[in-house]
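Just dropping this structure here.
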Amino acid sequence: MIETLLPEGVAAGEAFGPDGAAVLYPEEAVLVATSTDRRREEFTTVRGCARRAMDALGLPPAPVLPGKRNVPQWPAGVVGSMTHCAGYAAAVLGRDTDLVAIGIDAEPDRPLPRGVLDSIALPRELAWARTPVTGAGRLCRDRLLFSAKEAVYKTWYPLVGTELDFDDADISFRTDAEGPAGAGAVGLAGGPAASAAEGLRQGSFRARVLRPGTGRDGRPVTAFTGRWLARRGLVVTVITVPARRTAAGDATPYGGPGTAGRPGR
């Protein structure tokens, strides 16, 4: 499922339940030795996904240990991201010659707990998230917004190395079936393509970063573009940031036209 959101050359592994074949390395196992069975299961399954993504890139399997702020530590030459929620886990990896950062997130397509939306949304986003979506295009906008903000943070922190709050990113959404669906627009409901359920349940998003930041190579970080998908009771968001340079060899700023995946595959 998540591979439909990815650009060429990026590898993914995913699981829709516990991966009984996944095995932890000793240095991974010690991290969850005293955890609950559910936590160990999630930890193991998502690392099984990571190992499959490594294999798809032609890399040998390797442990994935958490670093600062629990950011996964990938093999040299690799960037990536992992996510898990009830009934789903995924890992996405790419080579650092192609991408400088990846951020993914998966959430159940259910309303957020009471009070969470108010704590994560800017006023424009709040109005958009509270606009009802019915019929073929039904999905929980509040959960989609939360997932996109999580993907932004997972992209930002490894790239910039500083904290980012929920209100430091202003996110607008677009569907593959319709035009722009920014905060405050209806966007995800109605229109001539309303009967195309899957078409109305995937699209792109743009996150404008409101806090100044600079990437590892000195480029300013101003925005991210990503893809989203709602399917099988899940909401999934993906950001991939390409390693791109101008013809003159000067670094282009992050936030320009990005790698937003292949819609509709």
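List every residue pair whose Cβ atoms lie under 6 Å apart, where the two residues are 6 or more positions apart in sequence or sit on different chains, the first residue falls within the stretch 58-85 and is touching a residue at least 12 places away in the same chain (Cβ under 8 Å) and over 22 Å from R38 (Cα atoms), and the second residue, located anywhere, is aromatic (F, W, Y) and open to solvent by 40 Å² or more (accessible area, probe 1.4 Å).
G80/W74
OK, next. Report, by residue number, each residue of the stretch 110-141 that is of a type outside the set (G, A, S) and buried (at least 22 other Cβ atoms within 10 Å of the Cβ).
First pass over the stretch 110-141, keeping only residues of a type outside the set (G, A, S): 110-114, 116-118, 120, 122-126, 128, 130-134, 138-141.
Scanning the stretch 110-141 gives E125, W128, R141.
Name the single residue that is modelled with the highest pLDDT among those in the stretch 161-200 being part of a helix (DSSP H, G or I) and open to solvent by less than 30 Å² (accessible area, probe 1.4 Å).
Looking only at the stretch 161-200, we keep the residues that are part of a helix (DSSP H, G or I), and these are 166-168, 199-200.
Next cut, open to solvent by less than 30 Å² (accessible area, probe 1.4 Å) only: 168, 199-200.
Values: D168: 96, G199: 44, L200: 59.
Only one residue tops the list, namely D168.
Let's see how each residue does on (1) farther than 21 Å from A86 by Cα; (2) out of contact with any strand residue (DSSP E or B) (no Cβ under 6 Å at 6 or more places or on another chain):
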| site | (1), (2) |
| --- | --- |
| E27 | yes, yes |
| E41 | no, yes |
| R52 | no, no |
| N70 | no, yes |
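Only one of these is under 20 Å from W156 (Cα atoms) and out of contact with any helix residue (DSSP H, G or I) (no Cβ under 7 Å at 6 or more places or on another chain): R95, R124, R114, R130. Name it.
From the options R95, R124, R114, R130, the qualifying one is R95.
Scan the stretch 4-41 residue by residue and report those that are open to solvent by 40 Å² or more (accessible area, probe 1.4 Å), in a helix (DSSP H, G or I) and touching a residue at least 24 places away in the same chain (Cβ under 8 Å).
Matches in the stretch 4-41: E27, L31.
Identify, from the list E150, E107, the residue that is surrounded by fewer than 21 Cβ atoms within 10 Å (Cβ to Cβ), in contact with a strand residue (DSSP E or B) (Cβ under 6 Å, 6 or more places away or on another chain) and either in a helix (DSSP H, G or I) or charged (D, E, K, R) (or both).
Numbers: E107 fails: surrounded by fewer than 21 Cβ atoms within 10 Å (Cβ to Cβ).
Criteria check complete, one pass: E150.
Only one of R51, R47 is closer than 19 Å to K154 by Cα, in contact with a Pro (Cβ under 9 Å, 6 or more places away or on another chain) and buried (at least 16 other Cβ atoms within 10 Å of the Cβ); which? If you could, list the steps in order and put the result at the bottom.
Details: R51 fails: closer than 19 Å to K154 by Cα.
Going through R51, R47 in turn, the sole match is R47.
The values are calculated or read from the model by the stated rules, or taken from the named source; none is laboratory data. Just so it is clear, the model here is predicted, and its values are computed rather than measured. Backbone-built Cβ (ideal geometry, glycine too); neighbour counts: all protein chains shown. Ligands, DNA and RNA are excluded from the accessible area calculation, which covers all protein heavy atoms including side chains. Shrake-Rupley method; radii C 1.70, N 1.55, O 1.52, S 1.80 Å.
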